[in-house]
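The structure under discussion appears below in the form of structure tokens.
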2 protein chains.
Amino acid sequence: MISRPPRPREKGIPEATVARLPVYLRALQVLQDRGTATVSSEALAGAAGVNSAKLRKDLSHLGSYGTRGVGYEVEYLIYQISRELGLTQDWSVAIVGIGNLGRALANYGGFGTRGFRIAALLDADPEVVGRTVASLEVRHIDSLEEVVHSKGVSIGVIATPAGSAQGVASRFVEAGVTSILNFAPVVLNVPDGVDVRKVDLSIELQILAFHAQRRADGDGREAERVGLEMT
Amino acid sequence: MISRPPRPREKGIPEATVARLPVYLRALQVLQDRGTATVSSEALAGAAGVNSAKLRKDLSHLGSYGTRGVGYEVEYLIYQISRELGLTQDWSVAIVGIGNLGRALANYGGFGTRGFRIAALLDADPEVVGRTVASLEVRHIDSLEEVVHSKGVSIGVIATPAGSAQGVASRFVEAGVTSILNFAPVVLNVPDGVDVRKVDLSIELQILAFHAQRRADGDGREAERVGLEMT
DNA sequence: CCCACTTTGTGCGTGCTTTCACAAGCACGT
DNA sequence: ACGTGCTTGTGAAAGCACGCACAAAGTGGG
């Protein structure tokens, strides 16, 4: 197996595909731990909970890494997906808001295998600042800029109450952080070029409630439709 | 805010719309707290972070609740969206896995305004069982079935380690729970008719990393493409 | 070497989402 | 009553995403 020229691929991987790559990656790692060397699209799709045609099309956006009649080599595919996702380099993460959720996040080891390193924990509460959580000393929010620069933070996680989230986001942006993961239940306003993803417990519950209600409504009547997921 | 007959609408709201309704709802509640009586699609869309045409089309699926030339009445719209999402009734939630995350979830008050009530906390660890978290005594996982029935649990939240998640999911399903919110990093296997939504921290981080890397690549020039092999 | 079998990669039809752009509708002032 | 100004609700177009079904490509047996 010889390396390849720069690979002319690079066009743009569909967003929907990007969202599934981490799922494939995880399934592959499970297979690898089990000692599996190769896997078919059918088998991998099963493990990832998707249709096999979709999986093949997704992987085809990365290049042609399978062998017809055989399948995909697990180790090689892990490497390719990792590289595509940018996991072959390390990302420094700062978590702001060390309440229940922030602590849970800080202690959540295996941050997606590796690739992510928690570089700092920040909070505004004097009661919390100075304490040690997950082997890191919690620093005061005022040192956000300094920490971002000195630790090379490139991803900011916001786990503060809703009221403080926008302010923290703005400071992250001001400090040069362009990737933000927001757990606070507010819509963040950021300039173009900054990528914000949100994780919102109550939204998920409300979506579940909607489908549950629908199921209950039509129960006993017309045949039912099940809502699938969509992330 | 007078109600109306059941409304003959009932067609089928697009999934993409359902996922945004909770966001609109939250924005509306903020407006209401501020004392705003009516709001235009433009303003509400701004607060919710979406395009105004999209917002209008989304709302049009619920019915025709706006007034041309004026906008939407905040209170009335809150009521309609709440009703559509099934928030006018109460949902009992059981959380399994009272580790860092489970505790964070249990303590996360204002579970999306209201509509959701945490009915039980369950764990397998004898060390945790019996302790009180968020005013609730943690019960042993073995009483899952009993709890689901006696408390009328209709939504199950899984906050266990990956290894235990599938087992818990199966027991939920067996006990009749058809809505599951999964925080464990595994793909759950459930029968048709069961609705599973997943929240996955490391997947979100990986998606952020992908975009961050892409931004970095195109920056300045597009040097640095690694074409290495692995065999 | 050839054939039967397996599995990938993808062209294509279908359906869902988003966005545009504008007619229709309502309030208000004159 | 009527015109003006604003905002909704929605056709229509464009863009994505999904999944089928099959040709292409590789393996292994005879």
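Only the coordinates and a few stated rules stand behind these numbers; no lab work does. Everything numeric here is computed off the predicted structure, so don't read it as measured data. No Cβ is skipped: glycine too gets one built from the backbone with ideal geometry, and neighbour counts run over all protein chains shown.
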For chain B, built as a Gaussian network whose Cα springs stay under 10 Å, the top-fluctuating residue of B:R215, B:R131, B:R26
B:R215
Could you state the number of Å between the C-alpha centres of the range B:28-58 and the range A:27-78?
44 Å
For the range B:26-135, go through all pairs of different Cα atoms, get the mean of 1/r, take its inverse, and jot down that Kirkwood value in Å.
16.4 Å
R0 = 22 Å: FRET efficiency of B:S164 with A:A53, Cβ-based, nearest 0.05?
0.10
Output, in nm with one decimal and in ascending order, the distances from the B:T88 label point to the matching label points of the other copies (7 Å from Cα along Cα-to-Cβ).
5.6
List the residues, sorted by chain then number, that are 5 or more residues from A:S179 or on another chain and whose placed amide H is less than 5 Å from its amide H.
A:G156, A:D195
Can you list the copy-to-copy distances for B:G109, using a point 7 angstrom from Cα toward Cβ, in nanometres, shortest first?
3.4
Running a GNM on chain B with Cα contacts under 10 Å, which residue among B:L21, B:L105, B:L201 ends up with the highest mean-square fluctuation?
B:L201
Under 5 Å from the placed amide H of A:T38, counting only residues 5+ away or on other chains, we find A:V74
Going residue by residue through the range A:175-192, the Karplus relation 6.51 cos²θ - 1.76 cosθ + 1.60 with θ = phi - 60° gives ³J(HN,Hα) values, rounded to whole Hz and with x marking Gly or Pro, of 7, x, 7, 10, 10, 10, 10, 10, 9, 7, x, 9, 8, 8, 9, 9, x, 4
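What are the semi-axes of the equivalent ellipsoid of the protein assembly as shown, taken as the square roots of 5 times the eigenvalues of the Cα gyration tensor, listed largest first and rounded to whole Å?
Working: eigenvalues 243, 153, 135 Å².
So the three semi-axes of the protein assembly as shown are 35, 28, 26 Å.
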Can you give the percent of C-alpha pairs in the range A:91-199 whose distance is more than 24 Å?
14 percent
Bin by bin, in steps of 5 Å, what percent of the Cα pairs in chain A do you find, going until the bin that has the longest distance?
1, 6, 11, 13, 14, 13, 13, 11, 9, 5, 2, 1, 0
Rounded to the nearest 500 deg cm²/dmol, what is the calculated helix-only ellipticity per residue at 222 nm for the protein assembly as shown, with -39500 (n - 2.57) per DSSP H run of length n ≥ 4?
-12500 deg cm²/dmol
Euclidean distance between Cα centres, the range B:153-218 to the range A:89-149, Å:
24 Å
Reference-scaled alpha-carbon Rg (2.2 N^0.38 Å with N residues) for the range A:85-151:
1.11
Highest-fluctuation residue, A:S170, A:S40, A:S150 considered, GNM on chain A with Cα pairs under 10 Å:
A:S150
at A:A37 the sorted inter-copy label distances (label 7 Å from Cα on Cβ side), in nanometres, are 7.6
Largest first, please: the extent of the C-alpha atoms of the range A:15-85 along each principal axis, to the nearest Å.
31, 23, 21
